[in-house]
Amino acid sequence: MLSNKITGRLIRGFCTKYKRYISLHNDAIYLGQRRNLCIQTKSTLASTVSCGTRAIEDGIFDSLRVHPATSAPLATNIYGICDSRDEGKEAKKHEVKKQKNMQEELMGVKEGDILDLRKLLFTENRDYLIQCDGNQLKAEQLAGKVIVIYIMYLPLDDISDCKEWRKTEILKDVYNYLRPKKGFEIVFVAVDDVDNSFGKEMLSDPLPRTNLEDHFEDVFSFMPWTAIPFSDRTSRKRMDTRFGFRKGYCSDDMFIIDSTGVVLQTNALSCFKSYGSLGYPFSSERVKFLLSEWQAIAAQPTLEKLLSSPERDYVISNNGDKVPIHTLEDKVVALYFYADNKTTETNRLTEELKMVYKELAKREENFEVVLLYLYDTNETTGYRTEESFWKTFKTMPWLALPYKDPNLKKLKIIYKYPKYYESSEKEVSLLVIIGPHGEFCEPCGAEILSNYKLQGYPFTREKALQLETEIIKKLKLEMIWEPKTIFSRKDGTHVSLSQLAGKRIILFFGLFQDEFLNVLKERFLDTKGTDGEFEVIHIYTHDEEVDLDPAWLAYPLPEDFPCASDILPCEFDKRFLKCGLFYDVGDCTRLLAFNQDGMVVRDTAFPTIDDTNFPFYTTGLENEALLQLNSVFQWYCLGNDDSSSCKAGYVGPNQRCTMPVSLKSSAISTYRVWNDDESYSVGLMAETGDGRRLL
């Protein structure tokens, strides 16, 4: 290895031969701006001589500078000796800035970057963009417009590639609405994934057509916006490099740029899907404003705020008449988020809604439905047209928002549509019930209508709980057993139902935690011989392995009873319809408590021990019914009594349904899910002390 001193002498010798003087640093030098040829002090003599000679004789470099890794001041220009350190520092700063800019360009764009679109989109030979109809858009026509850069890899595996096709359909909706009204344009950039001719300048004569060019024209024929010509490989490569695709730094393929060149969004597709044309000009400030405004509407909803827009203050009938929105303010109005009509659930809900609509009209109830014909969800994008809208709407007797109305985006965000269930991957139709003058807002109307039909009107959770409570209060012990029915204890003694008259009675079946059973037994023994004493009847099937408590009464069911809940009359089943399946809550685990008069005071699949009057009086029949309904429909976040934060959305002031907050114990319950063929599966559910639900 050569010392730094020897290395320096050798290179100065080469420079003297060519009548140039080079100032070198002892540690390293950086040779060549164009080839970035580095001569380092620890190189071998042969390598140093070879590299130095070739670099000088080829005339590659204009200057030699200190390697950026070193801390020495910048060296001089090769034509003279630097006599000022300030000049060297300025040159170094300039070089660092230049390298930084080059690195940023390679890393793609980010929000807030400023781009010169004229340099990126156009060349000296081309000052226009093309359109699929053969027209051209001149560069000056983009002035003052918000520009969307849409980059796509070609070739696609299939011309009808589902992912890209959906993107194009989403863009079409925004483009067709905004282009005639506001400054808005989209530029399609085809990124060539197989053509190696990138880098060739655009020729004055067209290049020979290739299969890829035909593919580009096929894809572009579906787009109403502009594009960089496929023949302009230089511009396409420049866009590809600047936006970070070729280097793999960028996963987004749509960018929104304002009229001054500022990058507003790097994930434009998400913005378009969520806000549509309402998001224009798609800045972060605009998005925040919309969310703030819509949150305020959700807190105090009225039909005018939900349905109207600056351009429209009406809804339409199926014969095209315009109905002013203010005429609906005195009515209960159901907003019908109409999902894919290919699903059985949607068809069933539509028929049930038609029946209820007809019956309520006969009763002269102030009830109306507004159809929200969805066109931009995963199930409907590209499949629904204005023709299909009118074809569907003509079969319905109610009103609707116009086809592809921008307000649909707002309503979807406010009511968190689509709402998916764990039992179904498909989008589910939704009914949001708005009370007169916004007195209440019920996002769970579809579930309530499906389970309670006409008697569930006005289809609120409050009404559902009222009905559940009224139903269970009708249950009497005589409806379950005859007075002569015999119960037995483990010691062989027997007691008839008639002998239990005037006593408080607990009957239960299914799997309960030991903690619950131990507390129940403790209360049972403590109250024995007092005015508060009660009897416990344990019901079980013939194939159950149960450990009977000696002090409790037992009732084994005959073999033709496959489930213990079958002992109850069918009208008292906790069977709920959701997504085409029936959920039997309490079918395998349930506790019922009767007072001295034989009236039901408790009915739960999730018994708790949070009251000194346990097991008879806790949070009430209504709250226990709510727990069971919530276990199926997930109406509320368990353990959270803030109704405004429930999963289903905003609940108005007339909705008093809240979740019990303190559950000091936990209970395990099983339920059956019934299929259309009358088969069923069994699920296990646990309600924990802190309000969490475990499945």
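The values are calculated or read from the model by the stated rules, or taken from the named source; none is laboratory data. Values in this document were obtained by computation on a predicted structure and should not be read as measured data. With ideal geometry, Cβ positions are generated from the backbone for all residues, glycine too; neighbour counts draw on all protein chains shown.
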Candidates LEU517, LEU525 - the one that is more than 13 Å from PHE487 (Cα to Cα), more than 51 Å from the chain's Cα centre (by Cα), without any contact (Cβ under 8 Å) to a residue 40 or more places away in the chain and not in a loop (DSSP other than H, G, I, E, B): LEU525
Quick one: is ALA554 more than 23 Å from LEU627 (Cβ to Cβ) and either free of Cβ contacts under 8 Å to residues at least 24 places away in the same chain or in contact with a strand residue (DSSP E or B) (Cβ under 6 Å, 6 or more places away or on another chain) (or both)? yes
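In the stretch 334-390, how many are over 17 Å from PRO402 (Cβ atoms), over 22 Å from the mean Cα position of the chain (by Cα) and in a helix (DSSP H, G or I)? Let's see the steps before the verdict.
Applying the first criterion (over 17 Å from PRO402 (Cβ atoms)) to the stretch 334-390 yields 334, 339-367, 377-379, 381-383.
Filter once more, so that each one left must be over 22 Å from the mean Cα position of the chain (by Cα): 334, 342, 344, 347-367.
Those left that are additionally in a helix (DSSP H, G or I): 344, 347-362.
Counting residues in the stretch 334-390 that are over 17 Å from PRO402 (Cβ atoms), over 22 Å from the mean Cα position of the chain (by Cα) and in a helix (DSSP H, G or I) gives 17.
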So is MET202 modelled with pLDDT of 80 or more and of a type in the set (A, V, I, L, M, F, W, C) or not? no
Of everything in the stretch 544-601, what is touching a helix residue (DSSP H, G or I) at 6+ places or on another chain (Cβ under 8 Å), part of a strand (DSSP E or B) and at pLDDT below 85? Give them in sequence order. PHE576, LEU577, LYS578, TYR583, ASP584, VAL585
Is it fair to say PHE487 is in contact (Cβ under 8 Å) with a residue 40 or more places away in the chain, within 17 Å of ARG602 (Cα to Cα) and either of a type in the set (A, V, I, L, M, F, W, C) or not assigned by TED's automatic domain parsing to the domain that holds GLU622 (or both)? no
Of all residues being crowded, with 23+ Cβ neighbours inside 10 Å and closer than 19 Å to ILE480 by Cβ in the stretch 604-617, which is modelled with the lowest pLDDT? Just the residue, please. PRO615
Out of curiosity, is LYS416 at pLDDT below 95, surrounded by fewer than 19 Cβ atoms within 10 Å (Cβ to Cβ), not in a helix (DSSP H, G or I) and not assigned by TED's automatic domain parsing to the domain that holds GLY586? yes
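Take LYS288 and tell me if it is within 25 Å of VAL109 (Cα to Cα) and basic (Lys, Arg). Please lay out each step first, then the result.
On the way: within 25 Å of VAL109 (Cα to Cα): yes; basic (Lys, Arg): yes.
It is true that LYS288 is within 25 Å of VAL109 (Cα to Cα) and basic (Lys, Arg).
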Kindly list the number of the only condition in (1) in a loop (DSSP other than H, G, I, E, B); (2) modelled with pLDDT of 90 or more; (3) touching a helix residue (DSSP H, G or I) at 6+ places or on another chain (Cβ under 7 Å) that fails for ILE147. (1)
Flagged in the stretch 309-350 as among the hydroxyl-bearing types (Ser, Thr, Tyr) and in contact (Cβ under 8 Å) with a residue 40 or more places away in the chain, in numbering order, are SER309, SER317, TYR336, TYR338, THR343, THR344, THR346, THR350
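Give me the residue from the stretch 539-587 that is small (Gly, Ala, Ser) and surrounded by fewer than 19 Cβ atoms within 10 Å (Cβ to Cβ) and, out of that set, nearest to PHE512 (Cα to Cα). Break it down stepwise before answering.
Going through the stretch 539-587, the residues small (Gly, Ala, Ser) turn out to be 551, 554, 564-565, 580, 586.
Narrowing the set further to residues that are surrounded by fewer than 19 Cβ atoms within 10 Å (Cβ to Cβ) leaves 551, 554, 580.
Details: ALA551: 18, ALA554: 16, GLY580: 29 Å.
Filtering the stretch 539-587 for residues that are small (Gly, Ala, Ser) and surrounded by fewer than 19 Cβ atoms within 10 Å (Cβ to Cβ), the one nearest to PHE512 (Cα to Cα) comes out as ALA554.
Counting just the residues of the stretch 90-124 that are part of a loop (DSSP other than H, G, I, E, B) and modelled with pLDDT of 90 or more, which one comes out nearest to ILE228 (Cα to Cα)?
Quick first cut of the stretch 90-124, residues part of a loop (DSSP other than H, G, I, E, B) only: 107-113, 115-116, 122-124.
Checking which are modelled with pLDDT of 90 or more leaves us with 111-113, 115-116, 122-124.
Working: GLU111: 23, GLY112: 24, ASP113: 22, LEU115: 17, ASP116: 16, PHE122: 8, THR123: 11, GLU124: 14 Å.
So, considering only residues that are part of a loop (DSSP other than H, G, I, E, B) and modelled with pLDDT of 90 or more, the one nearest to ILE228 (Cα to Cα) is PHE122.
Mind counting the residues in the stretch 381-395 that are crowded, with 18+ Cβ neighbours inside 10 Å and modelled with pLDDT of 90 or more? Steps first, please.
First pass over the stretch 381-395, keeping only residues crowded, with 18+ Cβ neighbours inside 10 Å: 381, 384, 389, 393.
Checking the rest, the ones that are also modelled with pLDDT of 90 or more come to 389, 393.
Total satisfying the criteria: 2.
Among the residues of the stretch 428-467 satisfying the criterion of being of a type in the set (D, E, K, R) and crowded, with 22+ Cβ neighbours inside 10 Å, which is farthest from the chain's Cα centre (by Cα)? Break it down into steps so the answer makes sense when it comes.
The first filter runs over the stretch 428-467 and keeps only residues of a type in the set (D, E, K, R), leaving 439, 442, 447, 453, 461-463.
Restricting the remaining residues to those that are crowded, with 22+ Cβ neighbours inside 10 Å gives 442, 447, 461.
Details: GLU442: 21, GLU447: 21, ARG461: 25 Å.
For the stretch 428-467, the residue satisfying everything is ARG461.
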Could you figure out which of (1) over 19 Å from GLN265 (Cα atoms); (2) surrounded by fewer than 16 Cβ atoms within 10 Å (Cβ to Cβ); (3) more than 28 Å from the chain's Cα centre (by Cα); (4) modelled with pLDDT of 85 or more isn't true of ASN176? (3)
